[in-house]
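Derivation of every value follows stated rules applied to the coordinates shown; laboratory data play no part. These numbers were taken from a predicted model, which means no experiment stands behind them. Counting neighbours? That spans all protein chains shown, and the Cβs are built from the backbone with ideal geometry, glycine included.
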Amino acid sequence: MTRSTAKKLDPYLDFEQEINKLKKKLNAVILAHYYQDSEIQDIADYIGDSLELSKKAATTSADVIVFCGVKFMAEAAYILNPDKKVLLPDLNAGCSLEESCRPDAFKKFREEYPDHYAVTYINCSAEVKALSDIIVTSSNAQHIITNLPANRPILFAPDKHLGRYLINKTGRQMTLWNGYCVVHENFSERELIKIKTTNPKAKIIAHPECTLSLLEYADYVGSTSSLLKYTTKNNGSEFIVLTEPGIIHQMQKAAPNSKFFDVPSHNQAGCNSCSQCPYMRLNTLEKLYYCMVDKSPEIIVPADIAASAKIALDRMLAES
Ligand code: 13P
Ligand code: SF4
């Protein structure tokens with residue numbers, strides 16, 4: 001359970017200091033995705049994309065993994081390292097892609113295409129991973145799909161935009177699940193054009209979860225880590241960033257002479273049309289501290305589901 005806010009208010013606590021003490025006491029490692037608040041990124045031991053964080057979770061010697069990301073990431077950490085205690089600061093930190101792909105519906109989808117190989121994006125539940133042949137992330141999907149036997153038909157779930165992008169990149173036909181990311185589907189094309197018009201030298205960089213119409217504007221497309229590397233190599237330039245703006249914190253640190261523009265969402269719901277992920281941003285420094293004090297919320301995946309999901313995750317790691 002996540003603590004109620006009423007219990008949490010303590011104006012005298014220095015959360016950074018207390019979290020660092022708890023890290024030592026628990027022999028804990030804090031893993032954070034780039035979409036976390038800057039203050040969480042600054043206290044993390046490792047920051048990375050989904051693939052890098054999975055690899056780190058699979059090999060850490062810490063006793064406790066505190067996962068500052070969303071639930072599917074913490075589940076993957078547990079599946080890859082079931083002897084560790086895995087904590088997630090807010091149990092409601094889900095993902096619209098995961099929600100779009102319920103295990104029962106996915107099972108039926110697979111049954112409709114019994115001869116197809118199921119390539120599933122890591123942004124899904126442990127149950128859906130357990131029903132998949134191989135897991136991919138945006139860093140390795142193109143490589144993994146390109147290397148599948150040419151005569152093998154493929155299902156791709158749950159992100160239809162990433163799926164279409166991969167069909168174009170690999171030339172492989174794939175039957176797509178109809179899911180999308182609420183952040184990357186909703187960037188405002190009108191705002192993007194306005195920003196580009198007033199800053200014509202700025203390069204547009206995009207995550208492949210964006211719609212194809214947005215990707216057509218992009219000078220560079222890649223996973224979060226690959227976008228970060230691209231901006232780091234081009235220090236001193238201007239960038240319009242079509243991914244969750246939390247990553248701009250690391251981009252700005254690595255390329256202090258560059259200028260970054262985030263792009264508002266056309267969806268008026270949420271944070272006044274900013275493009276923050278409503279799930280990722282549920283985690284706060286305060287919740288991070290209390291989850292380490294309480295050793296809760298803890299992520300545990302039932303053993304039978306974890307065992308099947310691990311096969312699909314291990315296949316991915318072997319190819320990455
Ligand atoms: P990557 O960090 O693997 O590029 O994924 C982005 C994302 O949406 C994670 O939820
Ligand atoms: Fe899911 Fe999109 Fe948020 Fe990533 S940014 S966790 S894909 S909703």
- Message: When only alpha-carbon atoms are used, what values of Rg and Dmax, in angstrom, describe the range 89-169?
- Response: 12.8, 44
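What FRET efficiency do you get for S38 and I193 if R0 is 35 Å and r is their Cβ-Cβ distance, rounded to the nearest 0.05?
Given R0 = 35 Å and the Cβ-Cβ separation, E is 0.80.
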- Task: Output the relative contact order of the chain, whole-number percent, from Cα pairs under 8 angstrom with separation of 6+ residues.
- Result: 23
- Query: Treating the beta-carbon of each Lys and Arg as +1 and of each Asp and Glu as -1, no other charges, what is the dipole magnitude of the range 220-293 about its Cα centre, to the nearest 20 debye?
  - Reply: 180
- Message: Below 8 Å between Cα atoms, with a sequence gap of 6+, how large is the relative contact order for the range 187-262 in percent?
- Response: 30
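Compute the FRET efficiency between A254 and N27 as 1/(1 + (r/R0)^6), taking r as their Cβ-Cβ distance and R0 = 25 Å, and round to the nearest 0.05. Could you put the intermediate results ahead of the total?
Numbers: r = 29 Å, r/R0 = 1.17.
Rounded to the nearest 0.05, the efficiency is 0.30.
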- Rank A312, H207, V301 by how far each Cα sits towards the positive end of the charge dipole of the chain (+1 on Lys, Arg Cβ; -1 on Asp, Glu Cβ) and give me just the farthest. H207
- Task: Would you please classify the overall shape of the range 28-139 from the alpha carbon gyration tensor, given that a ≥ b ≥ c denote the square roots of the eigenvalues, rounded means a/c under 1.5, and beyond that prolate means a/b larger than b/c while oblate covers the rest?
- Result: prolate
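For the range 95-238, build the convex hull from the C-alpha positions and give me its volume per residue in Å³.
106
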- Note on the structure: Dividing the helical contributions, -39500 (n - 2.57) per DSSP H run of n ≥ 4, by the residues of the chain yields a 222 nm value, nearest 500 deg cm²/dmol, of -11500 deg cm²/dmol
- Message: Let's see if you can work this out: charge +1 on each Lys and Arg Cβ, -1 on each Asp and Glu Cβ, no other charges. What is the dipole magnitude of the chain about its Cα centre, in debye to the nearest 20?
- Response: 420
- Give a residue-ordered list of calculated ³J(HN,Hα) values for the range 38-49 (Karplus: 6.51 cos²θ - 1.76 cosθ + 1.60, θ = phi - 60°; whole Hz; x for Gly, Pro). 4, 5, 6, 4, 5, 9, 6, 7, 9, 10, x, 8
- Query: Based on the alpha carbon coordinates of the chain, what radius of gyration and maximum Cα-Cα distance (Dmax) apply, in Å?
  - Reply: 19.5, 63
- Query: In a Debye calculation with equal point scatterers on the alpha-carbon sites of the range 187-262 and no solvent, what is log10 I(q)/I(0) at q = 0.14, 0.24 Å⁻¹?
  - Reply: -0.37, -1.13
- Stretched fully, the stretch from S61 through K201 gains (0.36 nm per residue minus C-alpha distance, one decimal, in nm) 45.9 nm
- Query: Can you put T211, T197, T137 in order, fewest other beta carbons within 10 Å first?
  - Reply: T197, T211, T137
